[in-house]
1. Based on the alpha-carbon gyration tensor of the stretch 41-130 and its eigenvalue square roots a ≥ b ≥ c, which shape applies: rounded if a/c is under 1.5, prolate if not and a/b is larger than b/c, or oblate?
2. Could you tell me how many degrees, from 0 to 90 and to the nearest 10, lie between the Cα long axis of helix 51-68 and the main elongation axis, the longest principal axis, of the Cα atoms of the chain?
3. Given +1 on the Cβ of Lys and Arg, -1 on the Cβ of Asp and Glu, and no further charges, what dipole in debye does the chain carry about its Cα centre, rounded to the nearest 20?
4. As a check on your grasp of the helix formula, calculate [θ] at 222 nm for the chain: sum -39500 (n - 2.57) over DSSP H runs of n ≥ 4, divide by the residue count, round to the nearest 500.
5. Report, to the nearest whole %, how much of the accessible area of the stretch 89-130 belongs to carbon and sulfur atoms, 1.4 Å probe, protein only.
6. How much accessible area per residue does the stretch 8-107 have, counting only protein heavy atoms and a probe of 1.4 Å, in square angstrom?
7. Normalised by the number of residues in the chain, what is the relative contact order in percent for Cα pairs under 8 Å and 6+ residues apart?
Amino acid sequence: MTADTGKKAFHSAQAPAALGPYSQAVAAGQTVYLSGQLGLDPASGVLAAGIEAQTHQVFRNLQAVARAAGGDLNGIVKLTILLADLNDFASVNEIMASYFTPPYPARATYQVAALPKAAALEVEAVLFLG
């Protein structure tokens, strides 16, 4: 007998399919955990060219997954941004500000050695549906 965990997975065809054994998003109660998104075009699977284009695509992908879960970007309470180059910090900030309204989500940003598909950034999020 399997216990009901209360978890529910969400998927959007308007965001890239998972690159491994994970869900695009999983809800536990009114909190939805969105897996990291790369700047991949969901139709072609091709990585956008350059940090700016990848950043816009990442936030479009996160928006698609958030909508599939019944929310939107303004319900995001926490972001984690992984950058291949911390010199892109200011550019990512500027683009991020065009997708969110105050109060902005809490956030952590890290430079990492490498990301899947040699992406310039990856962003994961926590969404509250309350």
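1. Verdict is oblate for the stretch 41-130.
2. The angle comes out at about 10 degrees.
3. Here the chain has a charge dipole of around 340 debye.
4. Value at 222 nm, helices only: -6500 deg cm²/dmol.
5. So the carbon and sulfur contribution to the accessible surface is 59 percent.
6. Here the residues of the stretch 8-107 average 48 Å² of exposed surface.
7. The normalised contact order for the chain reaches 31 percent.
The values are calculated or read from the model by the stated rules, or taken from the named source; none is laboratory data. Fair warning: this is a prediction, and the values are worked out from it, not measured in the lab. Here Cβ is always computed from backbone atoms with ideal geometry, including for glycine, and neighbour counts include all displayed protein chains. Note: areas computed on protein heavy atoms with side chains; ligands, DNA, RNA excluded. Shrake-Rupley method; radii C 1.70, N 1.55, O 1.52, S 1.80 Å.
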